[in-house]
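For reference, the structure discussed in these notes is given below.
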Amino acid sequence: MTDHAPPRRIDGHLLTPQGFVLGTLWLDGAGRIAGIDGAPCSEADVRASTRPLVLPGFIDLHVHGGGGRDTMEGGDAVAHIAQLHARHGTTALLATTMTAPQDELAAALAALGPTIARRPRGAARVLGVHLEGPYISAGRLGAQPEFTRPGAMGELMALHALAPIRLITLAPELPGHLAWIARLRVAGFVVQIGHSDGSYEDGVAALGQGASGFTHLFNAMSGLHHRAPGMVGAALAHARYAELIPDLLHVHPGAIRAALRAIPGLYCVSDATAATGMPDGDYALGRQRVSKCGGGVRLADGTLAGSTLTMDQALRNLVGLGLTLADASRRVSTHAADFLGLADRGRLQAGAWGDLVVLDPDLQLQQVWVEGEAIALGSA
(Lines give C-alpha, C1' and ligand atoms only; values in the text may rest on other atoms or scores of the structure.)
Protein backbone atom coordinates (compact mmCIF):
# COMPACT_ATOMS: atom_id res chain seq x y z
CA MET A 1 0.00 0.00 0.00
CA THR A 2 1.13 3.56 -0.61
CA ASP A 3 -1.44 5.45 1.47
CA HIS A 4 -0.96 5.27 5.24
CA ALA A 5 -2.50 6.78 8.33
CA PRO A 6 -1.05 10.12 9.48
CA PRO A 7 1.51 10.05 12.31
CA ARG A 8 -0.02 8.51 15.41
CA ARG A 9 0.97 7.82 19.00
CA ILE A 10 0.32 4.64 20.94
CA ASP A 11 0.70 4.62 24.71
CA GLY A 12 1.17 1.72 27.09
CA HIS A 13 3.65 -0.89 28.20
CA LEU A 14 5.82 -1.42 25.14
CA LEU A 15 7.98 -4.51 24.62
CA THR A 16 11.19 -3.27 22.99
CA PRO A 17 14.27 -5.40 22.18
CA GLN A 18 15.77 -4.06 25.42
CA GLY A 19 12.73 -4.96 27.53
CA PHE A 20 9.49 -3.35 28.63
CA VAL A 21 9.08 0.42 28.85
CA LEU A 22 6.11 2.45 29.97
CA GLY A 23 5.75 5.17 27.41
CA THR A 24 4.81 6.14 23.87
CA LEU A 25 5.45 4.69 20.43
CA TRP A 26 5.23 7.00 17.41
CA LEU A 27 4.19 5.82 13.96
CA ASP A 28 5.24 7.98 11.02
CA GLY A 29 3.20 8.62 7.89
CA ALA A 30 5.09 5.97 5.90
CA GLY A 31 4.01 3.12 8.14
CA ARG A 32 7.19 2.77 10.18
CA ILE A 33 8.06 3.32 13.82
CA ALA A 34 9.49 6.81 14.21
CA GLY A 35 10.59 6.41 17.80
CA ILE A 36 9.80 5.17 21.30
CA ASP A 37 9.92 7.23 24.49
CA GLY A 38 9.51 5.83 27.96
CA ALA A 39 10.93 4.55 31.20
CA PRO A 40 12.04 0.94 31.73
CA CYS A 41 9.74 -1.27 33.75
CA SER A 42 9.60 -4.90 34.79
CA GLU A 43 7.27 -7.61 33.54
CA ALA A 44 5.83 -7.75 37.05
CA ASP A 45 4.88 -4.09 36.66
CA VAL A 46 3.25 -4.88 33.33
CA ARG A 47 1.21 -7.81 34.69
CA ALA A 48 0.04 -5.77 37.68
CA SER A 49 -1.11 -2.86 35.51
CA THR A 50 -4.34 -2.17 33.66
CA ARG A 51 -2.56 -0.14 30.98
CA PRO A 52 -2.50 -1.48 27.42
CA LEU A 53 0.20 -3.95 26.46
CA VAL A 54 1.92 -3.24 23.13
CA LEU A 55 3.81 -6.10 21.44
CA PRO A 56 5.31 -6.65 18.00
CA GLY A 57 2.76 -7.91 15.50
CA PHE A 58 2.60 -11.66 15.10
CA ILE A 59 4.45 -13.37 12.22
CA ASP A 60 3.08 -16.68 10.96
CA LEU A 61 5.22 -18.62 8.51
CA HIS A 62 2.71 -21.45 7.94
CA VAL A 63 -0.79 -20.42 6.82
CA HIS A 64 -2.95 -22.56 4.52
CA GLY A 65 -6.19 -20.65 4.91
CA GLY A 66 -8.81 -18.95 7.01
CA GLY A 67 -12.31 -17.56 6.85
CA GLY A 68 -13.48 -20.37 4.62
CA ARG A 69 -10.80 -19.80 1.97
CA ASP A 70 -7.78 -21.91 1.00
CA THR A 71 -4.42 -20.80 -0.43
CA MET A 72 -4.61 -23.31 -3.27
CA GLU A 73 -7.94 -22.08 -4.65
CA GLY A 74 -6.50 -19.00 -6.37
CA GLY A 75 -8.43 -15.82 -7.11
CA ASP A 76 -8.74 -13.44 -4.18
CA ALA A 77 -8.48 -16.22 -1.60
CA VAL A 78 -5.14 -15.17 -0.14
CA ALA A 79 -6.23 -11.54 0.26
CA HIS A 80 -9.26 -12.77 2.21
CA ILE A 81 -7.05 -15.09 4.30
CA ALA A 82 -4.62 -12.27 5.09
CA GLN A 83 -7.49 -10.05 6.23
CA LEU A 84 -8.86 -12.76 8.53
CA HIS A 85 -5.50 -13.32 10.18
CA ALA A 86 -4.79 -9.59 10.52
CA ARG A 87 -7.91 -9.34 12.68
CA HIS A 88 -6.21 -11.82 15.01
CA GLY A 89 -2.97 -9.87 15.25
CA THR A 90 -0.94 -11.49 12.46
CA THR A 91 0.82 -8.66 10.67
CA ALA A 92 2.95 -10.75 8.28
CA LEU A 93 2.63 -14.30 6.99
CA LEU A 94 3.75 -16.84 4.43
CA ALA A 95 1.01 -18.27 2.22
CA THR A 96 1.53 -22.02 2.42
CA THR A 97 0.82 -24.46 -0.39
CA MET A 98 -0.13 -28.13 -0.46
CA THR A 99 1.53 -30.98 -2.33
CA ALA A 100 -0.04 -30.97 -5.81
CA PRO A 101 0.71 -31.47 -9.50
CA GLN A 102 2.83 -28.76 -11.10
CA ASP A 103 -0.06 -27.12 -12.95
CA GLU A 104 -2.07 -26.71 -9.75
CA LEU A 105 0.88 -25.23 -7.90
CA ALA A 106 1.54 -22.87 -10.80
CA ALA A 107 -2.08 -21.68 -10.81
CA ALA A 108 -1.99 -21.06 -7.05
CA LEU A 109 1.28 -19.12 -7.17
CA ALA A 110 0.16 -17.06 -10.17
CA ALA A 111 -2.84 -15.93 -8.11
CA LEU A 112 -0.60 -15.21 -5.11
CA GLY A 113 1.80 -12.94 -6.96
CA PRO A 114 -0.29 -9.72 -6.99
CA THR A 115 -1.24 -10.01 -3.31
CA ILE A 116 2.41 -10.44 -2.37
CA ALA A 117 3.40 -7.44 -4.51
CA ARG A 118 0.73 -5.15 -3.04
CA ARG A 119 -0.76 -5.61 0.40
CA PRO A 120 -4.55 -5.34 0.36
CA ARG A 121 -6.16 -2.87 2.73
CA GLY A 122 -6.95 -4.37 6.11
CA ALA A 123 -4.68 -7.37 5.54
CA ALA A 124 -1.47 -8.83 6.88
CA ARG A 125 1.59 -8.49 4.68
CA VAL A 126 2.04 -11.67 2.63
CA LEU A 127 5.81 -11.99 2.63
CA GLY A 128 5.91 -14.77 0.06
CA VAL A 129 5.28 -18.48 -0.26
CA HIS A 130 6.03 -21.41 2.01
CA LEU A 131 6.24 -24.35 -0.38
CA GLU A 132 5.21 -27.28 1.82
CA GLY A 133 5.78 -30.12 -0.60
CA PRO A 134 5.78 -31.65 -3.14
CA TYR A 135 9.37 -32.59 -2.23
CA ILE A 136 8.40 -34.66 0.81
CA SER A 137 8.21 -38.28 1.90
CA ALA A 138 5.27 -40.41 0.76
CA GLY A 139 5.59 -42.18 4.11
CA ARG A 140 5.02 -39.00 6.13
CA LEU A 141 2.26 -37.23 4.23
CA GLY A 142 0.23 -36.13 7.23
CA ALA A 143 -2.69 -34.43 5.49
CA GLN A 144 -0.80 -33.82 2.24
CA PRO A 145 -2.13 -35.44 -0.98
CA GLU A 146 -0.08 -38.14 -2.71
CA PHE A 147 1.72 -36.04 -5.32
CA THR A 148 5.20 -36.21 -3.84
CA ARG A 149 8.30 -36.20 -6.02
CA PRO A 150 12.04 -35.52 -5.76
CA GLY A 151 13.09 -31.92 -6.10
CA ALA A 152 13.82 -30.40 -9.50
CA MET A 153 15.42 -26.98 -9.78
CA GLY A 154 13.70 -26.21 -13.09
CA GLU A 155 10.25 -26.88 -11.65
CA LEU A 156 11.03 -24.87 -8.54
CA MET A 157 12.36 -21.84 -10.42
CA ALA A 158 9.32 -21.83 -12.70
CA LEU A 159 7.13 -21.56 -9.61
CA HIS A 160 9.40 -18.95 -8.05
CA ALA A 161 8.99 -16.79 -11.15
CA LEU A 162 5.24 -16.65 -10.49
CA ALA A 163 5.48 -15.67 -6.81
CA PRO A 164 8.50 -15.37 -4.49
CA ILE A 165 9.14 -18.60 -2.59
CA ARG A 166 10.73 -17.75 0.76
CA LEU A 167 10.65 -21.13 2.51
CA ILE A 168 10.74 -24.73 1.26
CA THR A 169 9.83 -27.78 3.31
CA LEU A 170 11.44 -30.99 2.06
CA ALA A 171 12.42 -34.47 3.17
CA PRO A 172 16.24 -34.76 3.10
CA GLU A 173 16.27 -38.54 2.67
CA LEU A 174 14.80 -38.40 -0.86
CA PRO A 175 17.28 -39.09 -3.70
CA GLY A 176 19.54 -36.13 -4.36
CA HIS A 177 18.02 -33.91 -1.69
CA LEU A 178 21.06 -33.51 0.54
CA ALA A 179 23.09 -32.04 -2.31
CA TRP A 180 20.06 -30.04 -3.45
CA ILE A 181 19.74 -28.31 -0.08
CA ALA A 182 23.14 -26.70 -0.55
CA ARG A 183 22.12 -25.47 -4.03
CA LEU A 184 18.88 -24.07 -2.69
CA ARG A 185 20.70 -22.13 0.00
CA VAL A 186 23.12 -20.66 -2.53
CA ALA A 187 20.09 -19.61 -4.61
CA GLY A 188 18.67 -17.74 -1.62
CA PHE A 189 15.93 -20.10 -0.43
CA VAL A 190 15.38 -20.99 3.23
CA VAL A 191 14.98 -24.74 3.72
CA GLN A 192 13.15 -26.59 6.48
CA ILE A 193 13.11 -30.33 7.14
CA GLY A 194 9.62 -31.75 7.33
CA HIS A 195 7.22 -34.48 6.25
CA SER A 196 10.24 -36.73 6.56
CA ASP A 197 10.75 -40.37 7.46
CA GLY A 198 14.50 -39.88 7.54
CA SER A 199 16.86 -40.86 10.30
CA TYR A 200 18.61 -38.73 12.90
CA GLU A 201 21.70 -38.95 10.68
CA ASP A 202 19.71 -37.65 7.70
CA GLY A 203 18.58 -34.68 9.76
CA VAL A 204 22.08 -33.85 10.97
CA ALA A 205 23.41 -34.13 7.42
CA ALA A 206 20.67 -31.83 6.13
CA LEU A 207 21.54 -29.20 8.73
CA GLY A 208 25.15 -29.52 7.66
CA GLN A 209 24.15 -28.81 4.06
CA GLY A 210 22.34 -25.63 5.05
CA ALA A 211 18.82 -26.57 6.14
CA SER A 212 17.75 -24.00 8.73
CA GLY A 213 14.90 -25.53 10.69
CA PHE A 214 12.10 -28.07 11.01
CA THR A 215 8.47 -27.90 9.88
CA HIS A 216 5.76 -28.36 12.55
CA LEU A 217 8.14 -30.08 14.94
CA PHE A 218 7.01 -33.54 16.15
CA ASN A 219 4.31 -33.81 13.46
CA ALA A 220 4.80 -35.74 10.19
CA MET A 221 8.39 -36.73 10.98
CA SER A 222 10.21 -39.73 12.42
CA GLY A 223 9.91 -39.63 16.19
CA LEU A 224 12.35 -39.80 19.05
CA HIS A 225 13.44 -43.17 20.37
CA HIS A 226 16.48 -43.55 22.58
CA ARG A 227 18.16 -45.93 20.11
CA ALA A 228 16.82 -44.25 16.96
CA PRO A 229 16.46 -40.52 17.66
CA GLY A 230 14.84 -39.73 14.29
CA MET A 231 14.15 -36.27 12.95
CA VAL A 232 12.76 -35.15 16.28
CA GLY A 233 16.04 -36.13 17.92
CA ALA A 234 18.05 -34.25 15.29
CA ALA A 235 15.97 -31.15 15.94
CA LEU A 236 16.21 -31.31 19.71
CA ALA A 237 19.94 -32.01 19.63
CA HIS A 238 21.07 -29.61 16.90
CA ALA A 239 18.48 -27.10 15.69
CA ARG A 240 18.62 -23.39 16.34
CA TYR A 241 15.19 -22.88 14.76
CA ALA A 242 12.05 -24.96 14.37
CA GLU A 243 8.37 -24.18 13.96
CA LEU A 244 5.76 -25.65 16.30
CA ILE A 245 1.93 -25.57 16.37
CA PRO A 246 0.91 -24.60 19.94
CA ASP A 247 -2.81 -25.37 19.63
CA LEU A 248 -2.39 -28.01 22.38
CA LEU A 249 -3.75 -30.65 19.99
CA HIS A 250 -0.75 -31.17 17.71
CA VAL A 251 1.82 -31.28 20.50
CA HIS A 252 1.44 -32.22 24.18
CA PRO A 253 2.42 -29.43 26.59
CA GLY A 254 5.22 -31.61 27.95
CA ALA A 255 6.72 -31.98 24.48
CA ILE A 256 6.39 -28.23 23.94
CA ARG A 257 8.33 -27.61 27.15
CA ALA A 258 11.05 -30.04 26.06
CA ALA A 259 11.39 -28.25 22.73
CA LEU A 260 11.51 -24.85 24.43
CA ARG A 261 14.46 -26.01 26.52
CA ALA A 262 16.30 -27.50 23.54
CA ILE A 263 15.76 -25.11 20.61
CA PRO A 264 16.69 -21.46 21.24
CA GLY A 265 14.78 -20.03 18.28
CA LEU A 266 11.68 -22.20 18.52
CA TYR A 267 8.88 -20.18 16.95
CA CYS A 268 5.17 -20.77 16.63
CA VAL A 269 2.96 -21.14 13.59
CA SER A 270 -0.75 -21.67 13.20
CA ASP A 271 -0.84 -24.16 10.28
CA ALA A 272 -4.27 -22.55 9.91
CA THR A 273 -6.76 -23.92 7.39
CA ALA A 274 -9.89 -22.57 5.72
CA ALA A 275 -11.78 -23.72 8.83
CA THR A 276 -10.11 -21.02 10.93
CA GLY A 277 -12.68 -18.49 12.09
CA MET A 278 -15.52 -20.63 10.77
CA PRO A 279 -18.19 -22.88 12.33
CA ASP A 280 -17.90 -26.64 12.47
CA GLY A 281 -18.26 -28.25 9.07
CA ASP A 282 -16.38 -29.42 5.98
CA TYR A 283 -13.72 -27.33 4.24
CA ALA A 284 -11.05 -27.57 1.54
CA LEU A 285 -7.36 -28.10 2.22
CA GLY A 286 -5.91 -28.18 -1.26
CA ARG A 287 -7.44 -31.27 -2.86
CA GLN A 288 -8.36 -32.71 0.51
CA ARG A 289 -11.71 -32.36 2.29
CA VAL A 290 -11.32 -31.78 6.00
CA SER A 291 -13.78 -31.48 8.85
CA LYS A 292 -13.72 -29.03 11.72
CA CYS A 293 -15.17 -30.36 14.95
CA GLY A 294 -14.41 -29.52 18.56
CA GLY A 295 -11.64 -27.07 17.65
CA GLY A 296 -9.68 -29.58 15.54
CA VAL A 297 -9.45 -30.17 11.81
CA ARG A 298 -9.15 -33.74 10.55
CA LEU A 299 -9.28 -35.94 7.48
CA ALA A 300 -11.99 -38.58 7.30
CA ASP A 301 -9.61 -41.14 8.84
CA GLY A 302 -9.02 -38.91 11.87
CA THR A 303 -5.59 -37.55 10.84
CA LEU A 304 -4.99 -34.01 12.07
CA ALA A 305 -5.09 -31.74 9.01
CA GLY A 306 -3.81 -28.32 9.96
CA SER A 307 -5.55 -26.30 12.63
CA THR A 308 -7.97 -23.51 13.45
CA LEU A 309 -5.38 -21.72 15.56
CA THR A 310 -4.86 -17.97 15.38
CA MET A 311 -1.70 -16.32 16.63
CA ASP A 312 -3.39 -14.33 19.39
CA GLN A 313 -4.57 -17.62 20.84
CA ALA A 314 -1.07 -19.04 20.35
CA LEU A 315 0.28 -16.23 22.54
CA ARG A 316 -2.29 -16.95 25.24
CA ASN A 317 -1.53 -20.67 25.10
CA LEU A 318 2.19 -20.04 25.58
CA VAL A 319 1.60 -17.75 28.54
CA GLY A 320 -0.76 -20.39 29.93
CA LEU A 321 2.11 -22.89 29.76
CA GLY A 322 4.17 -20.60 31.97
CA LEU A 323 6.22 -18.55 29.51
CA THR A 324 6.85 -14.91 30.32
CA LEU A 325 5.13 -12.32 28.16
CA ALA A 326 8.47 -11.35 26.66
CA ASP A 327 9.42 -14.93 25.77
CA ALA A 328 5.96 -15.77 24.42
CA SER A 329 6.05 -12.63 22.28
CA ARG A 330 9.39 -13.53 20.77
CA ARG A 331 8.09 -16.98 19.84
CA VAL A 332 5.09 -15.62 17.94
CA SER A 333 7.00 -12.82 16.26
CA THR A 334 10.69 -12.03 16.63
CA HIS A 335 12.15 -15.51 16.18
CA ALA A 336 10.19 -16.03 12.95
CA ALA A 337 11.46 -12.68 11.65
CA ASP A 338 15.02 -13.61 12.56
CA PHE A 339 14.61 -17.00 10.90
CA LEU A 340 13.75 -15.28 7.60
CA GLY A 341 16.37 -12.57 8.10
CA LEU A 342 13.83 -9.74 8.51
CA ALA A 343 15.49 -7.06 10.63
CA ASP A 344 12.61 -4.58 10.25
CA ARG A 345 9.77 -6.80 11.48
CA GLY A 346 9.01 -8.61 14.71
CA ARG A 347 10.37 -5.88 16.99
CA LEU A 348 9.37 -2.48 18.30
CA GLN A 349 12.22 -0.17 17.43
CA ALA A 350 12.79 2.97 15.38
CA GLY A 351 12.88 2.23 11.66
CA ALA A 352 10.99 -1.06 11.86
CA TRP A 353 7.64 -1.46 10.18
CA GLY A 354 4.70 -0.27 12.24
CA ASP A 355 3.46 -3.81 12.88
CA LEU A 356 2.09 -4.12 16.39
CA VAL A 357 -0.71 -5.42 18.57
CA VAL A 358 -2.32 -3.77 21.57
CA LEU A 359 -3.77 -6.12 24.19
CA ASP A 360 -5.64 -5.78 27.44
CA PRO A 361 -4.46 -7.41 30.70
CA ASP A 362 -6.24 -10.64 29.68
CA LEU A 363 -4.23 -10.69 26.44
CA GLN A 364 -7.29 -9.98 24.32
CA LEU A 365 -6.68 -7.90 21.22
CA GLN A 366 -7.72 -4.25 21.36
CA GLN A 367 -5.90 -2.87 18.31
CA VAL A 368 -3.79 -4.18 15.43
CA TRP A 369 -1.54 -2.09 13.21
CA VAL A 370 -0.04 -3.39 9.95
CA GLU A 371 2.60 -1.15 8.37
CA GLY A 372 1.02 1.82 10.12
CA GLU A 373 -2.56 0.96 9.11
CA ALA A 374 -5.09 0.46 11.90
CA ILE A 375 -6.96 -2.78 11.26
CA ALA A 376 -10.69 -2.89 11.95
CA LEU A 377 -11.06 -5.92 14.19
CA GLY A 378 -14.78 -6.49 13.84
CA SER A 379 -15.93 -10.09 13.94
CA ALA A 380 -13.56 -12.81 12.82
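The values are calculated or read from the model by the stated rules, or taken from the named source; none is laboratory data. No experiment lies behind these values; they were computed from the predicted model shown. FYI the Cβ positions are ideal-geometry reconstructions off the backbone, even for glycines, and counts take in every protein chain you see.
Assorted remarks:
- Of the residues screened, Val190 is not one that is assigned by TED's automatic domain parsing to the domain that holds Tyr135, within 23 Å of the chain's Cα centre (by Cα) and within 24 Å of Thr303 (Cα to Cα).
- One residue from Val204, Val232 being without any contact (Cβ under 8 Å) to a residue 24 or more places away in the chain and not aromatic (Phe, Trp, Tyr): Val232
- Screening region 22-32 for residues that are among the aliphatic types (A, V, I, L, M) and surrounded by fewer than 22 Cβ atoms within 10 Å (Cβ to Cβ) and picking the one that is farthest from Asp355 (Cα to Cα) gives Leu22.
- Within region 178-201, residues that are charged (D, E, K, R) have Cβ atoms under 6 Å from residues that are in a loop (DSSP other than H, G, I, E, B) and crowded, with 18+ Cβ neighbours inside 10 Å in these pairs: Asp197/Ser137; Asp197/Ser222, counting only partners at least 6 apart in sequence or on another chain.
- Verdict on Thr91 being β-branched (Val, Ile, Thr) and either surrounded by 15 or more Cβ atoms within 10 Å (Cβ to Cβ) or at pLDDT 95 or above (or both): yes
- Within the set Tyr200, Tyr135, the sole residue that is modelled with pLDDT of 95 or more, crowded, with 19+ Cβ neighbours inside 10 Å, in the same structural domain as Pro101 (by TED's automatic domain parsing) and over 27 Å from Gly65 (Cα atoms) turns out to be Tyr200.
- A search for C-beta distances below 6 Å between a residue of region 241-252 that is in the same structural domain as Val63 (by TED's automatic domain parsing) and any residue that is buried (at least 21 other Cβ atoms within 10 Å of the Cβ) and aromatic (Phe, Trp, Tyr), counting only pairs 6+ apart in sequence or on different chains, returns Tyr241/Phe339; Ala242/Phe214; Glu243/Tyr267; Val251/Phe218.
- Screening Leu315, Leu321, Leu309 for residues that are farther than 25 Å from Thr24 by Cβ and surrounded by 22 or more Cβ atoms within 10 Å (Cβ to Cβ) leaves exactly one candidate, Leu309.
- When Gly35, Gly19 are checked against the criterion of being small (Gly, Ala, Ser), surrounded by fewer than 19 Cβ atoms within 10 Å (Cβ to Cβ), under 30 Å from Thr215 (Cα atoms) and over 21 Å from the mean Cα position of the chain (by Cα), Gly19 stands alone in meeting it.
- Taking the criterion of being out of contact with any Pro (no Cβ under 7 Å at 6 or more places or on another chain), in contact (Cβ under 8 Å) with a residue 40 or more places away in the chain and of a type outside the set (A, V, I, L, M), the residues of region 253-287 that qualify are Pro253, Arg257, Gly265, Tyr267, Ser270, Asp271, Thr273, Thr276, Gly277, Tyr283.
- Condition met for Ile116 (in contact with a Pro (Cβ under 8 Å, 6 or more places away or on another chain), more than 25 Å from Leu304 (Cβ to Cβ), in the same structural domain as Leu94 (by TED's automatic domain parsing) and surrounded by fewer than 24 Cβ atoms within 10 Å (Cβ to Cβ)): yes
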